[in-house]
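Taking it in order: structure first as structure tokens, then the write-up.
The values are calculated or read from the model by the stated rules, or taken from the named source; none is laboratory data. All figures in this text were calculated on a predicted structure; none of them were measured in a lab. Neighbour counts run over all protein chains shown; Cβ positions are idealised from the backbone, glycine included. These accessible areas exclude ligands, DNA and RNA; they are computed on the full protein's heavy atoms, side chains included. Shrake-Rupley method; radii C 1.70, N 1.55, O 1.52, S 1.80 Å.
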Amino acid sequence: MYINFWYPAILGSELTNEPVKVRMLGQNFVLFRDTGGNAQCLSNTCVHRGGSLADGKIKGDCIECPYHGWQYTGEGQCHRIPSLGPKAKIPGRTRVDAYPVQEKYGVVFAFLGDLPENERPPMMEIPEFDDDRWRATWINLQAPFNYERSIENGLDPAHNEFVHPIHGYSGENAEYKVGNLRLVGDGKWGPGFFHTFKSPPAETAEWRQVKDASDAREAGSGTIGPNHMWTYIRYAPGKAMHQYLYECPIDEGNVNIFLVNLRNQLIDPDRDQMVNDRNWTIISQDLAVLSKLSPTVTPPTNTKEFMVPADKPILMYREKLAEWDHNGWRIDSEAVNRNRDKVAYAVPSP
């Protein structure tokens, strides 16, 4: 797990008038809305006696600790210490870590790290989000595996033939092979590729409106940072589905996944459930495989797995992880877990 990237915390529709505790990168955070409706994100631990801020109350633009009533603004500054009286001078050291927040695409994102604004990695954008020719749906789920395994699954063009029957022929096509991968992007924040593949005809009349008569499709995926991934599926000229996956490690063994799905066919709102049902089918097939991988985390060295040319995007992704590890951004989860009962940790903030 890495600091200094944008992480999805919660759907905007689920952050209302109560504080919410969210676990990210193995730590607890509190999210709440101020009087202007702006989402705020703080480390959950009160610096006084370790109270859980998420179990407190929203008081104006502040979150109030349930233990002794200390109040913190969205910038993390302590605003009130009741035991000192109403006109007390608040010591500067009484602040908690506060994190930059952006609410975009129906999701509340927090930048979990201490880089200044002009040095922060980008958030993955959705160019067609406000285009009336496209329709969006959302899926949010928690899964019991390491997030890197999930991202690598999306960068894997070979698994579709065997894991997803509607994308491939379940290994029964004797002529099957992964064709040449067309690499895209500058690679600064992650790899990307496209390739052509074959899939069976659509099994329902509604989905045959999306697919053409040919079984040839073009699809590709790419990453932004360790945890954002796009996937474009082009069924036919002018017919496409664009998927944007924002992932947040809950801890080393669990992940919170936010899928924003865009389509330019069957865009009537009454088709949303059908689209999400199809996406849930695909997700369930991936979950069945990913939850049984061994080891449960990505191996620390590529020599422990036998990789083939179709794994090129995965190897490129691991090269980027190694860069961020070299930057000192990887969290030492083993050390944190060893001392968890003795030390209250917080992800550093700006």
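Here are the numbers:
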item	result
Sites Tyr67 and Lys188 - FRET efficiency at Förster radius 41 Å, r taken between beta-carbons, to 0.05	0.35
Trypsin sites (Lys or Arg not before Pro) restricted to segment 1-96 and DSSP loop, no more than 10 other C-beta within 10 Å	Arg49, Lys87, Lys89
Tilt relative to the chain, helix 272-290 - C-alpha long axis, 0 to 90 degrees, to 10	90
Size of charge dipole - the chain - debye, nearest 20, with Cβ of Lys, Arg +1 and Asp, Glu -1, no other charges	880
Accessible surface, per residue, of the chain when the full set of protein chains is kept, probe 1.4 Å, Å²	49
Solvent-accessible surface (1.4 angstrom probe) belonging to Tyr235, in square angstrom, nearest 10	30
Area of Ser13 that stays accessible when all protein chains are in place (1.4 Å probe, Å², to 10)	90
Mean separation of Cα contacts under 8 Å (6+ apart) over length of the chain, as relative contact order %	20
Karplus (6.51, -1.76, 1.60) ³J(HN,Hα), θ = phi - 60°, over segment 7-21, in Hz, Gly and Pro reported as x	10, x, 9, 6, 5, x, 5, 9, 9, 10, 10, 10, x, 10, 8
Accessible carbon and sulfur surface of the chain relative to its total accessible area, %, 1.4 Å	50
Among Ile126, Gly92, Tyr72 the positive-end extreme of the charge dipole of the chain (Cβ point charges)	Gly92
Between segment 7-55 and segment 254-325, the Cα center-to-center distance that results, in Å	27
In degrees, nearest ten, helix 312-326 long axis to first principal axis of the chain (Cα)	20
Debye-sum result for the chain in log10 I(q)/I(0), which assumes one identical scatterer on each alpha carbon, at q = 0.09, 0.10, 0.13, 0.15 Å⁻¹	-0.55, -0.67, -1.04, -1.30
Extended-chain gain in nm, criterion 0.36 nm per residue less alpha-carbon gap, Arg120 and Lys89	7.7 nm
Label-point separation, Thr35 to Ser294 (7 Å along Cα→Cβ), nm	5.9
Rounded to the nearest 10 Å², the accessible area of Glu334 at probe 1.4 Å	130
Ranked order, Arg133, Arg263 - accessible area, probe 1.4 Å, largest first	Arg133, Arg263
Label-to-label distance, nm, for residues given as Ile166 and Thr16 (7 Å Cα→Cβ offset)	3.2
Length added when fully stretched, Arg330-Thr196, from 0.36 nm per residue minus Cα-Cα	44.7 nm
Label point at Asn276 placed 7 Å out along Cα→Cβ; residues across segment 101-140 whose backbone nitrogen lies under 17 Å	105-108, 135-140
Two-decimal Rg to Rh for segment 211-299 - Kirkwood Rh, Cα set	1.01
